[in-house]
Each structure stands twice: as structure tokens, then as C-alpha cells.
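Novice: Quick one: this structure, given as C-alpha cells, is what I'll be asking you about.
The values are calculated or read from the model by the stated rules, or taken from the named source; none is laboratory data. These numbers were taken from a predicted model, which means no experiment stands behind them. Cβ coordinates were reconstructed from backbone atoms using ideal geometry, including for glycine residues, and neighbour counts include every protein chain displayed.
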Amino acid sequence: MDRDVKGHVLVLDDDDMVAATIGMVAESAGYRTTVTVSYDDFWSHLEAGAPSHVTLDLSMPGTDGIEVLRRLAAYGFGGSIIISSGLDRRVLDAARRSAEEHGLHIAGVLPKPFKANDLVALFALTPAHSRAPNVEPRGTPTADDLRRALDEGAITVVFQPKVRCATGAIVGYETLARWNDAALGPVSPVTFVTLAEREGLIARLTDLVLDAALVWLTSFDPHGATQVSVNLSARSLTDLDLASRVTETCARHGLTAGRLLLELTETASTDDEVTALEVLTRFRIKGIPLSLDDFGTGHSTLLQLARQPFSELKIDGQFVMNAATSADSQAILRAMVGLAHGLQMTVTAEGVEDAWTYAFLTEIGCDVAQGYYIARPMPGDDVAAWADGWRSTDQGAEPRP
Ligand code: C2E
Ligand code: CA
Ligand code: CA
């Protein structure tokens, strides 16, 4: 008999009618169920019954739903959790995010009143143990490791395409640094960029990436219009000669300054704001466009947008990745596109992971898209084959929402 039972659902809801309904739905879907209206009973059932699923009312008199979720995390509950409540969707989403941060698996949130089918669909989502498995670094890189990697050419670059939303035309490629160390294994860019900034090695890293990007572009598309983007650390903005050096590097590779785009975050916190402003302005005067990266995260602010001479606004992936499921993110994206265009800037969205989001961005007038839906970052040698494939399938195709 037990073999046919799909799992064990433990239901907590102070409204006994609701609790009983959820219990009935679960039972008719093939689950063993335990229903309780009391918080104390809930814990004894949890310990005794080892449920595969828990449905939880967030707003119960005398208990705090967030505290329940914290306790479930501390207990190490590995099953699926369905949060139900009559609360505002935004509150439910926030509760879900904080629970996931604690490592709990939330199958979904169920606004009340709910449909039986929606609930059954949530039960069917098996615990994915969705937390990304922690990739154990084989050690923390030191400044000497990084110096050695820079000397030995262990830092390489990959390229991620950017395409025009309206037409699918390829407009450029973002250059991203990679370090796969022989002893340490792959080191995340966030780790080594931070290390380089702290240890005074950022100029070397930037030079290496810039050079690799331009070398690649001269062989891939010497006379065309595609751009390469390079990320520039705000730390570099204290260097007044940077703009001349970068322009000379472009010239040395036979490329006009406009073939390069520099992406920057967080210049507001640079020690010398006036110098930063001068360096940025010099880039623009020399014909190099500038993109304000990670817009919307607090590293890049409206103040920066208003004061500094950016030509592109790059919307942070967090807003983009949530767009398909969050009406809030959709509203924010619309506003950001309007803001950029109001300031005569182009707008790029990064982190585009699915067709729906790509179509949505096109509909709201976003200029350029970048993300796994279009392509993952790839070695320079693979770009030509990717571009051929992309042109034959997607360019000019009408994206469908
Ligand atoms: P970023 O400039 O915001 O770069 C975008 C990051 O998002 C890249 O991660 C890219 O691989 C990732 N990404 C792109 N599309 C998607 C998507 O659809 N979904 C998801 N989930 N992620 C996507 P990556 O390569 O790990 O780089 C992380 C950060 O490291 C970069 O963020 C940038 O701030 C920094 N970085 C990388 N290379 C350099 C460099 O050469 N110089 C400097 N200063 N910083 C660099
Ligand atoms: Ca970037
Ligand atoms: Ca970014």
C-alpha cells in the first residue's frame, strides 16, 4: 500500500477549513497527509513523520512565519515547502527569497484563495536541493599566485555576444577574464578581480584583457562594425593617462576608438571623484563609448548617471533574470529603458536567459540583449561558428512572447 504513496504532506494552517482542504487535495493527489492548526503540534509531527512536503501559512496568530522558516532551516529540513498566505504577493516573494537564502527548498508560493490544480502542481515539484553545490576552491589564491598567472599567461579571455533586440543583429562581444590555475583550479573572476584591485595588480590585468580583446577583434572582424567591451575597474580611474594609453592601444591594433566599449561600475566611491570624471570625459572625447555596468544594484547610482558621461546603461542581470516571473522586475525594466532613452543613452540588458524575456525586452524598446539565451561566454576561436549559427536561425526572426 505504502509503495503507492507519493510522499507525506504536513499541513499547517490556523484556519481549519483551509487546512482540511489542502489535506484533501494532497490526499486525492496520492499523498499521505497530516493536518494541524497548531504550531506546537506542527513540530512534533515534523520530527515524528519526516514529511516530504510542508505547506505553511505565513500569517498565523501568535507565530511568525519567518521564524518558522528559520527554524526549519536550522532543523535542516530537506523536503519541499509550499508557502501559503493571503498576504501581498510581494511579501510572499520576499519570504521565499529569504527562505532560499537559508538553503530551504521552496516549491512555490500559493496565494489564497488557491486552485486545487495549482497546489497539486507544486506537490509534484520534487526537492531539487536547488542550492548550487558549493564548488570547493582548492585553496585561496594569493597575490603571488595571481602575479605568476599574469606572468605565465594563465589568465585568458572569453567573449559573450550582444545582439540588437529588434533585429537579432550581432553588435558586439563582452570580454570576460578567466583564470584556470594548474594548482588551484578555476578561480572565479569576482575573486581574482578583487584580489588584483587590492594588490595593485589591476592595471596589469586590464592591460592583458584589453590587449587580448583587441588582438581577437583584429583577426575576427578587422574592418567591420562589431565592438568589443572590456570591463574597467573603478580603481583605474585615478590614472589620468589611461585614456591616451587605451586609445594608442586601439590605434596600434589598427582599430578606431569606437570599436571598443568600456564597462564600468561604482565610480562614485573612487577616492578622487574629480579625477575619475576627467578620465571618463577623456575617453569620450577620444571616441570611446562608456557603459554604466550593473545598473540598479546600488553600485551604480542615478547620481552617477546624471553626472558622468556614459553612453550606455547596462541593466543588471538580477532584474532581467526575474522578469518572466516578477511583475515588479518588468515595471523596473520598463522604467530603466525609459530612463536611458530619456537621457539619450542606449540600453543593454544582461542576464537574458529565456525567449520570453528576450521578447519582453524587445517589446519595451530595450536596444541590446546579452545572456545565456543568446550565448554563454566562449573562447574567441568558437565565436565564428556561433555567429554563423545565430545568423542562420535567429537574425530577423520575430521573437514571440
Ligand atoms: P559583469 O561585468 O556583470 O559580467 C557579466 C557576468 O554575468 C559574467 O560573469 C557572465 O558570465 C555572467 N552572465 C552572462 N550572461 C548570463 C546569464 O544569462 N545568466 C547568468 N546567470 N549569468 C550570466 P563572470 O564572467 O563570472 O564575471 C563576473 C564579473 O567579474 C563581471 O561581471 C565583472 O564585474 C568581473 N570581470 C570579469 N572579467 C573582468 C575583467 O577583465 N576586468 C574587470 N575589471 N572585471 C572583470
Ligand atoms: Ca560587464
Ligand atoms: Ca553586469
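Novice: Which pairs have Cβ atoms under 6 Å, sit 6 or more apart or on different chains, and link a residue in the stretch 291-315 that is among the small types (G, A, S) to one that is within 11 Å of ligand 1 (Cβ to nearest atom)?
Specialist: S291/E263; S291/K314; G296/D316; S300/T265; S300/D294
Novice: If I filter the stretch 45-60 down to residues being over 37 Å from the mean Cα position of the chain (by Cα) and at pLDDT below 90, which single residue comes out as surrounded by the fewest Cβ atoms within 10 Å (Cβ to Cβ)?
Specialist: Among those residues, the one meeting the criterion is A48.
Novice: For the stretch 351-366, give me each residue that is touching a helix residue (DSSP H, G or I) at 6+ places or on another chain (Cβ under 8 Å) and either touching a residue at least 60 places away in the same chain (Cβ under 8 Å) or away from ligand 2 (no atom under 15 Å from the Cβ) (or both).
Specialist: E353, T357, F360, L361, I364, G365, C366
Novice: For L261, are the conditions met, namely being part of a loop (DSSP other than H, G, I, E, B), modelled with pLDDT of 95 or more and closer than 22 Å to G172 by Cβ?
Specialist: no
Novice: While we're on this one: Restricting to the stretch 61-89, name every residue that is exposed (fewer than 15 other Cβ atoms within 10 Å of the Cβ) and in contact with an Asp or Glu (Cβ under 7 Å, 6 or more places away or on another chain).
Specialist: P61
Novice: Which condition from (1) at pLDDT below 90; (2) within 16 Å of ligand 3 (Cβ to nearest atom); (3) part of a loop (DSSP other than H, G, I, E, B) is the one that Q304 breaks?
Specialist: Status for Q304: all satisfied but (3).
Novice: So which pairs qualify, if the first residue must be in the stretch 225-242 and within 12 Å of A213 (Cβ to Cβ), the second must be near ligand 1 (Cβ under 8 Å from one of its atoms), the Cβ gap must be under 6 Å, and the two must be at least 6 apart or on different chains?
Specialist: V228/T175; S229/E174; S229/E263; V230/T175; V230/V209; N231/E263
Novice: Then there is this: When residues of the stretch 26-79 are filtered for being part of a helix (DSSP H, G or I) and in contact with a helix residue (DSSP H, G or I) (Cβ under 9 Å, 6 or more places away or on another chain), how many remain?
Specialist: Counting residues in the stretch 26-79 that are part of a helix (DSSP H, G or I) and in contact with a helix residue (DSSP H, G or I) (Cβ under 9 Å, 6 or more places away or on another chain) gives 16.
Novice: Now, a different point. Can you tell me which residue among T238, T265, T226 is closer than 25 Å to A349 by Cβ and within 16 Å of ligand 1 (Cβ to nearest atom)?
Specialist: Going through T238, T265, T226 in turn, just one is closer than 25 Å to A349 by Cβ and within 16 Å of ligand 1 (Cβ to nearest atom): T265.
Novice: While we're here: Looking at the structure I just gave you, is R284 more than 16 Å from ligand 3 (Cβ to nearest atom) and buried (at least 16 other Cβ atoms within 10 Å of the Cβ)?
Specialist: Yes.
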